[in-house]
Amino acid sequence: MGWMILAAIVMWSLQLVLGLWQFRRFNAHVRELRAAGRVAIGKAKGGFRSGVVALICIDEENRISKAETMAGRTVFAGFHPIKGLEGKILPELTEADCQGLGRQVKAAVLNARQDYENYQELQRERSQQCAAVSG
C-alpha cells in the first residue's frame, strides 16, 4: 500500500516538472515571436483529440507574417508552421481562408482572431474612458 502512494507522488511530481518545462518552452517561443511583432494566441481544447494552440505573428497592418501551431497529447508537442496564412489580414480572416487546415487547427486560428478582436475592442473602450475622464 505504501509503495502505491509513493508511486503516485512520484508520477504527480514528474507530471508537474514536465508541465512546467512545457510552459517555459512555450513562453520562450512566444517571446521569440514577439520580437518580430505582435502575437495573437488561440486555442482549441482537445477532449479525446489532441489540443492545439495557434500562435499568429502580425505586423503593424495586422498582416500575418508567421503562423505556428503547438499540437499534441503530451508535453513533448512541438511547434509546426501553418502554411497558407502568411500575408492575410488577421481581423479579416474567414473560415474559407482556413480551408485545408485540420479541424482543431482551424478552430485555434479562428479563436486567435476572435481573441485579437476582443483585445482591440477592450483597448478602444479603455481609450474612450481615459478621454472621458481627462476631457
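Readers should treat all values here as calculations from the given coordinates under stated rules, not as data from a laboratory. Bear in mind the structure is a predicted one, so any value in this text is a computation, not a measurement. Positions of Cβ are backbone-derived with ideal geometry, glycine not excepted, and every protein chain shown enters the neighbour counts.
Key figures
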read-out	value
Length added when fully stretched, H29-S50, from 0.36 nm per residue minus Cα-Cα	5.6 nm
Among S13, S65, S50: highest mean-square fluctuation, GNM of the chain, C-alpha pairs under 10 Å	S13
Principal-axis tilt of helix 2-34 within the chain, Cα atoms, nearest 10 degrees	20
Choice from R31, R124, R63 with maximal GNM fluctuation in the chain (Cα, 10 Å cutoff)	R124
Among A35, A107, A44, residue whose mean-square fluctuation peaks in a GNM of the chain (springs only between Cα atoms under 10 Å)	A35
Modelled FRET efficiency - R0 41 Å, L20 with A131, Cβ distances, 0.05 increments	0.45
Degrees between helix 103-134 axis and first principal axis of the chain (Cα, 0 to 90, nearest 10)	50
Separation of alpha-carbon centers, the range 50-64 and the range 74-132, rounded to whole Å	6
Cut-off of 10 Å, at most 16 other beta carbons, DSSP loop: longest stretch of the chain lacking such chymotrypsin sites (Phe, Trp or Tyr not before Pro)	77-135
Longest exposed-site-free window of the chain, the sites being GluC sites (Glu not before Pro) in a DSSP loop that have at most 15 other C-beta atoms within 10 Å	1-59
